[in-house]
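The values are calculated or read from the model by the stated rules, or taken from the named source; none is laboratory data. Note that the structure is a prediction, hence the values are computed from the model and not measured. When we count neighbours, we look across all protein chains shown, and the Cβ atoms used for this are built from the backbone with ideal geometry, even at glycine. These area figures cover heavy atoms from the full protein model, side chains too; ligands, DNA and RNA do not enter into them. Shrake-Rupley method; radii C 1.70, N 1.55, O 1.52, S 1.80 Å.
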Amino acid sequence: MERYHPSEVYELFVRHMNTPRVVVDNGVCETATLVQVHSARKHGVLLEAVAALSDYGVCVRKGYISSDDGRWFMDVFHVTDAAGRKVADTDKLLARLESALSAAAAAADALPWAVGCDSPAKERLCLLELIGVDRPGLLSEVFAVLHDLRCGIVDAQAWTHGGRVAALVFVRDEDTGAPIHDVARIRRIESRLRHVLRGGARGARTVLVDAAAVGNLDRRLHQLLNEDGEADRRAAVEAPTTTAVAVQEWGERGYSVVTVNCRDRPKLLFDVVCTLTDLDYVVYHGTFDTDGDHAQQEFYIRRLDGRPISSEAERQRVIQCLQAAIERRSSEQGVRLELRITDRRGLLAYVTRVFRENSLSVTHAEITTRGDMALNVFHVTDVAGRPADPKTIDEVIHGIGTDSLRVDEERWPRLCSTEGDAAGAGLFSLGSLVKKNLYKVGLIRSCS
């Protein structure tokens, strides 16, 4: 019989106790699927749960977070599919959540942003992290350079916001399909891309990653833009915003209270929780609700050291970062074009060149390769950021191929807005939640 050292036994016991427990129930609420996550207190566990829900594609209509201010948390989410209906396959959702939450801890040891892995298993690939000044046709230039350097693009994601662009691009050797290991070649790729981005030494960086280490790309894009100082630049010019963020103090309980009021959209909760987590705040209690296309969120937070926000500068920093994170996703504006076509060499360089030649600017891109198929999404506007001319869009579609490129008629901003009271209209009062300790399991059976 194999014998274990007492420290090993204790480590296994702690690991078992800290494994999040997930319940998915379609019988509690008439209009939404109820998801409960119970876990030991761990920085980032809320983000892990929210990321898993976002990756599965469900919309969080309302919910709450509560803890005993000690070792245990409970998260409750009322979710629907994009059409506002209950989730049909609850077993699949449960399996996805359990898998994501159990894998997140192992992935987090590999990369600090490896939460809620949303990429398919890949062989060892080169990851290019790009940051620079945005301009019309920039992505076309980037893809053209990579094609010229014989780099095959496997997956990529790009955001533009506030005059800046951030992108994550997974590449391999275009001729052999093998990973790129040659140091001199990697340095040449970085140099060429830095020249295109005009971003100096920090404009392009190469990271060699394993399949298990590929984490949440949305989170990394947020981090790149934050590290680039996007929120600070927006605050310096007092950029207009429709996102209301406030930070107040609840000195009696030692919390800082963050409230967010804005238009609802997919992944809104993820963007807010991701930002708070990366700013090293812990959410102890919170509520979030939607009413039509409006979202209201409230979080009671402390820093990792257990203290609330302590200065005006820190308070302003939280507000600016949250506003920037929420509005970055608005780069998914303009016409949404979906490209489904057999992959080939130089495909992205060709498609984005057609966009550029027709005076279309890509504000958001998601590039995916599945076997020999390319499944790509582009959000495009004219070069001034205005809605693209329908005639131009029609010409581009016919130029690339009507069987391959199409306009998505269902715009994302409408997908997670409710028609009426799909998930209940009443807003939670977080003060009462905290005071009544709703972390107790017996109080979660009410749909409203």
Yes/no for Val260 being touching a His at 6+ places or on another chain (Cβ under 7 Å), assigned to a strand (DSSP E or B) and farther than 30 Å from Asp175 by Cα: no
Qualifying residues in segment 37-58 (those that are touching an Asp or Glu at 6+ places or on another chain (Cβ under 7 Å) and touching a residue at least 60 places away in the same chain (Cβ under 8 Å)) - the one nearest to Leu269 (Cα to Cα): Leu46
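Counting only residues that are surrounded by 10 or more Cβ atoms within 10 Å (Cβ to Cβ) and among the aliphatic types (A, V, I, L, M), which one in segment 1-13 is modelled with the highest pLDDT?
Step by step, filter segment 1-13, then rank; the result is Val9.
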Filter result (over 27 Å from Ile131 (Cβ atoms) and in contact (Cβ under 8 Å) with a residue 12 or more places away in the chain) within segment 345-386: Arg370, Asp372, Met373
Among (1) more than 16 Å from Thr243 (Cα to Cα); (2) outside any strand (DSSP E or B) - the single one Val318 does not satisfy: (1)
Any hit, segment 257-270, residues being modelled with pLDDT of 90 or more, open to solvent by 10 Å² or more (accessible area, probe 1.4 Å) and over 19 Å from Gly63 (Cβ atoms): no
Residue in segment 324-343 that is more than 16 Å from Ala158 (Cβ to Cβ) and free of Cβ contacts under 8 Å to residues at least 60 places away in the same chain present: yes
Subset of segment 18-45 that is modelled with pLDDT of 85 or more and part of a loop (DSSP other than H, G, I, E, B) - its residue that is most open to solvent (accessible area, probe 1.4 Å): Glu30
Failed criterion for Arg344 (all others in (1) among the basic types (Lys, Arg); (2) at pLDDT below 95; (3) under 21 Å from Asn226 (Cα atoms) hold): (3)
Residue check, Val283 crowded, with 18+ Cβ neighbours inside 10 Å and at pLDDT below 95: yes
Selection count, segment 69-98, where residues are more than 30 Å from Arg303 (Cα to Cα), among the hydrophobic types (A, V, I, L, M, F, W, C) and crowded, with 16+ Cβ neighbours inside 10 Å: 3
When residues of segment 372-392 are limited to those that are surrounded by fewer than 18 Cβ atoms within 10 Å (Cβ to Cβ) and assigned to a loop (DSSP other than H, G, I, E, B), the one farthest from the chain's Cα centre (by Cα): Asp389
Residues being under 22 Å from Val169 (Cα atoms), open to solvent by 20 Å² or more (accessible area, probe 1.4 Å), hydroxyl-bearing (Ser, Thr, Tyr) and touching a strand residue (DSSP E or B) at 6+ places or on another chain (Cβ under 7 Å) - total across segment 346-368: 1
Where Cys126 falls short, out of the listed (1) open to solvent by less than 10 Å² (accessible area, probe 1.4 Å); (2) assigned to a loop (DSSP other than H, G, I, E, B): (2)
Residue in segment 309-345 that is nearest to Trp250 (Cα to Cα), counting only those that are surrounded by 20 or more Cβ atoms within 10 Å (Cβ to Cβ) and in contact with an Asp or Glu (Cβ under 8 Å, 6 or more places away or on another chain): Ile309
